[in-house]
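First up is the structure itself, then whatever we jot down about it.
The values are calculated or read from the model by the stated rules, or taken from the named source; none is laboratory data. Just so we're clear, the structure is a prediction, and the values are computed from it rather than from any experiment. Glycine also receives a Cβ, built like all others from the backbone with ideal geometry; neighbour counts cover every protein chain displayed. The protein model used for the area step is the full one, side chains on, heavy atoms only, and it has no ligands, DNA or RNA in it. Shrake-Rupley method; radii C 1.70, N 1.55, O 1.52, S 1.80 Å.
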Amino acid sequence: MFWRQIMSVSQEMSSDGKKIHINISGRFDYKVSQEFRDTYRQVPGQEGVAYYVNLSDASYMDSSALGMLLLLREHAKCRGGTVFIERPSEQVDSILKVANFEQLFTINYSSSVSIDTEAGMNAGVGAGA
Amino acid sequence: MSQSFGAVATNGKFMESRGIILAISDSSEIISDVDDGLTEAGFDLLVASDSKRAFEFITSNHIDYILVDLANIDMSGDELVRSLRIYTGEHFIPIIVLAVSDQEAILADCITSGCDDFIFKPFNSTALRARITSLEQVCELKKLYKSTVNEQVVAKQILSYALSERSIEFEEIKLLSKSKDVFSGDLFLTARRADGGLHILLADFTGHGLSAAIGALPVADIFSAMTEKGFEVADILENINNKLHTLLPISMFMACSILKIDKDLKFAEIWNGGMPDVYIRDSITGDIKHKLKSTHIPLGIDETMTSRFDMDTIPLSQSDQIILYTDGLTDAMNQEGDMFGEDRLEKCIENNKNDVSIFTSIVQEFNDYCGKINPVDDVTLACIPCTPYLTEVDDSCLTDSVQIASNRKDGWCWYMELSGSSLKNVDPVPIVINEAQKLSGQEISKKKLSSILNVLYKNALEHGVQIRNESGDHISGNNHSEMNSSVVNNGYLRIGLKAIEHKGSDALLVSLEDSGQGFNHVEYMNQITNKSAGVKNTNEGISLAYELSESLLYHGKGNHVEAIISGQV
């Protein structure tokens, strides 16, 4: 029997809307592309947003997940924003390394910014979070 | 009631038939119920009272649905259903079983044998019609799916044909390729360089299926056409990257490893962007000598950045093997959901040191591990032995310098000068070859001309326009992106072609002049011409150009060279 991992995508936004944390756990693959896109498309358009994609709980990532990161990068670029990849797990990091994505993204290996969300401001978009 | 055994009963109305139903039963009562329920709804009924007659109908008539009355037939229900499935073959014809509720065990057997639906007796005509209507929709979907797959199969044949035209096949190169869908997002190409060397490309597009395969054709086009025209790998990569950048949506890209194997099998130039490690294995010791990691981002993501297309140079020997694979191989999972993985692959190579061609061992290990599971991604594995077959000079190419009687007694000459940024961005070799071919009417072998021009151009860059490092590393080809623009700005390179007569036959005079400081050509030429001295040539390139041309002369301080190339082979 397969032990199926529960995958989930969740999102948190800072109170000023300038920071968006996207958290992915489980397998980061084509199945979550819609949810992933919703995390940044379904928020009011702002300039200069910093997107933090937390991959510390992601167990695997396929090439379409790399494609999703590129889409987010383009989305941010068009709006003067930046994308940070946060604490990729070992498995995911090896995939990022093969693709040499450190040439395209800033990858933080230690915990960085904490989010100043106010209760109630959290916008959760999730698939079974 | 149309109990007309053997003939198609008409439904008696001027409406299009919804399909022909074969009812297998020897009970006139059941047949009557079925008839009542279905002819009214627009179906035609065929009735077979025994299995023999049923099989006759199936082989001679078009049938859309089959009803099997379990209680009133001459053989066991599941056996009949199984045989019907064999008879109907690839065509999907739904089989509905009419059963009595206490026949559950038989019913279960029928379902495992391949029946699609069942209905308990006694049944009313509305229930029967509802079952058939829902199966009608299943049939539509199956038809739609089948035609889509058929279309893809045809499209794949066209694509495969187009790709095979753009790639050479070698018996020596062993290739495993499994695709998840009809189309594969993996691409393996080989192309012969004009100088006899080889270009090899293994690529993996994002995702799989049709959308992943669609980029293969433009890539194959650029790869084969540019290789043929004499371009270096760095230029080819730059072109593919630009093409894919404009062609593919943002979320799609192409990971690829590309190799240039020189004609003497002495070295390989390798570029790896987003692919797993490229292995160089010594087939005598069985060890992996080199692992070339991906050091670049895949193609199609970003516009060109200088120095992105720098190649790694690896020395080769003829016992070496190059192993290339896509991540579909290592990401493939076994029944427990564990991946095949890089460690298992490398262990397999290590454990089979005595296996000269490691290919079979890897495929065996892979199939043992996860052969039963359909791959989740496209899988490609290529083992390339560095045998002379790969780069053997194809005689047909040398002899195709057709002997045309010359009617150009008036002659011609052609000249180009590169300076400043054009020196940095333009590779003159393909342009010159192209012009020479146009003007001389293919009298001069392209292969010969290309080899000589490449050598002279490379030498001009090394000793003339000076873009190499001081150690004079000859290996890494003419990579323009490495040029130091401040030096280049004052430099120039002039290339001239002239149709001349040499020893009574038509020939081509090639002249290259550069702005550099030249080199000690007297010593070089002495080494080349005075073979008995036993001195190892320090510049094998020039020695090759010397052998291929009728005459090769350096002038002045070594920044001006003239070569006479004859049409004779």
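When you scan segment B:451-476, how many residues do you find that are polar (S, T, N, Q), modelled with pLDDT of 65 or more and more than 12 Å from B:Glu513 (Cα to Cα)? So that I can check it myself, show each step before the final result.
Filtering segment B:451-476 down to residues polar (S, T, N, Q) leaves B:451, B:454, B:459, B:466, B:469, B:471, B:476.
Those still in the list that are modelled with pLDDT of 65 or more too: B:451, B:454, B:459.
Filter once more, keeping what is more than 12 Å from B:Glu513 (Cα to Cα): B:451, B:454.
Looking only at that region, the number is 2.
Mind checking whether some residue in segment B:30-45 is of a type in the set (Val, Ile, Thr), open to solvent by less than 10 Å² (accessible area, probe 1.4 Å) and part of a strand (DSSP E or B)? Can you show your working first?
Initially, segment B:30-45 is screened for residues of a type in the set (Val, Ile, Thr), giving B:30-31, B:34, B:39.
Now drop any that are not open to solvent by less than 10 Å² (accessible area, probe 1.4 Å), which leaves B:31, B:34.
Next, only the ones that are part of a strand (DSSP E or B) stay: none.
Within segment B:30-45 (the criterion being of a type in the set (Val, Ile, Thr), open to solvent by less than 10 Å² (accessible area, probe 1.4 Å) and part of a strand (DSSP E or B)), the answer is no, since none of the residues qualifies.
Does any residue of segment A:18-31 turn out to be out of contact with any strand residue (DSSP E or B) (no Cβ under 8 Å at 6 or more places or on another chain) and within 24 Å of B:Phe253 (Cβ to Cβ)? Explain how you work it out, then say what you get.
To start, the set of residues in segment A:18-31 that are out of contact with any strand residue (DSSP E or B) (no Cβ under 8 Å at 6 or more places or on another chain) comprises A:30-31.
Next cut, within 24 Å of B:Phe253 (Cβ to Cβ) only: A:30-31.
For segment A:18-31, residues out of contact with any strand residue (DSSP E or B) (no Cβ under 8 Å at 6 or more places or on another chain) and within 24 Å of B:Phe253 (Cβ to Cβ): present.
Within segment A:49-67, track down each residue that is of a type in the set (Gly, Ala, Ser), in contact with an Asp or Glu (Cβ under 9 Å, 6 or more places away or on another chain) and either more than 14 Å from chain B (Cβ to nearest Cβ) or open to solvent by less than 10 Å² (accessible area, probe 1.4 Å) (or both). Step through it out loud before you land on a result.
Our first condition is that a residue be of a type in the set (Gly, Ala, Ser); within segment A:49-67, this holds for A:50, A:56, A:58-59, A:63-65, A:67.
The next check asks that each one be in contact with an Asp or Glu (Cβ under 9 Å, 6 or more places away or on another chain); those that pass are A:56, A:63-65.
Within segment A:49-67, A:Ser56, A:Ala65 qualify.
Which members of segment B:274-293 meet the condition of being open to solvent by less than 50 Å² (accessible area, probe 1.4 Å), in a loop (DSSP other than H, G, I, E, B) and within 30 Å of B:Asn354 (Cβ to Cβ)?
B:Met275, B:Pro276, B:Asp277, B:Ser283, B:Gly286 - these are the residues of segment B:274-293 that are open to solvent by less than 50 Å² (accessible area, probe 1.4 Å), in a loop (DSSP other than H, G, I, E, B) and within 30 Å of B:Asn354 (Cβ to Cβ).
Could you check segment B:232-273 and list, in sequence order, the residues that are in a loop (DSSP other than H, G, I, E, B), hydrophobic (A, V, I, L, M, F, W, C) and over 19 Å from the mean Cα position of the chain (by Cα)? Step through it out loud before you land on a result.
First, the residues of segment B:232-273 that are in a loop (DSSP other than H, G, I, E, B): B:232, B:248-253, B:262-266.
Imposing the further condition that a residue be hydrophobic (A, V, I, L, M, F, W, C) reduces the set to B:248, B:250, B:252-253, B:265.
Across segment B:232-273, the qualifying residues are B:Ile250, B:Leu265.
Name, by its number, the condition in (1) outside any loop (DSSP other than H, G, I, E, B); (2) within 14 Å of chain A (Cβ to nearest Cβ) that does not hold for B:Asp310.
Looking at each condition in turn, B:Asp310 falls short on (1).
Name the residues in segment B:181-194 that are part of a loop (DSSP other than H, G, I, E, B), more than 12 Å from the chain's Cα centre (by Cα) and either buried (at least 20 other Cβ atoms within 10 Å of the Cβ) or on the phi > 0 side of the Ramachandran plot (or both), would you? Spell out the reasoning first.
In the first step, residues of segment B:181-194 are kept if they are part of a loop (DSSP other than H, G, I, E, B); the result is B:181-185, B:193-194.
Checking which are more than 12 Å from the chain's Cα centre (by Cα) leaves us with B:181-182, B:193-194.
The answer is B:Arg193, B:Ala194.
Are there any pairs with C-beta distances below 8 angstrom linking a residue in segment B:102-120 that is under 20 Å from B:Gln137 (Cβ atoms) and of a type outside the set (A, V, I, L, M) to a residue that is in a loop (DSSP other than H, G, I, E, B) and open to solvent by less than 70 Å² (accessible area, probe 1.4 Å), with the two at least 6 apart or on different chains, and if so which?
Within 8 Å, the pairs are B:Asp116/B:Pro94; B:Asp117/B:Pro94.
Just one of the numbered conditions (1) open to solvent by 10 Å² or more (accessible area, probe 1.4 Å); (2) in contact with a helix residue (DSSP H, G or I) (Cβ under 7 Å, 6 or more places away or on another chain); (3) more than 26 Å from A:Leu72 (Cα to Cα) is not true of B:Ile236; which one?
All conditions pass for B:Ile236, except number (1).
Among the numbered criteria (1) within 21 Å of B:Gly89 (Cβ to Cβ); (2) open to solvent by 30 Å² or more (accessible area, probe 1.4 Å); (3) at pLDDT 90 or above, which single criterion is violated by B:Thr59?
Of the numbered conditions (1) within 21 Å of B:Gly89 (Cβ to Cβ); (2) open to solvent by 30 Å² or more (accessible area, probe 1.4 Å); (3) at pLDDT 90 or above, the odd one out for B:Thr59 is (3).
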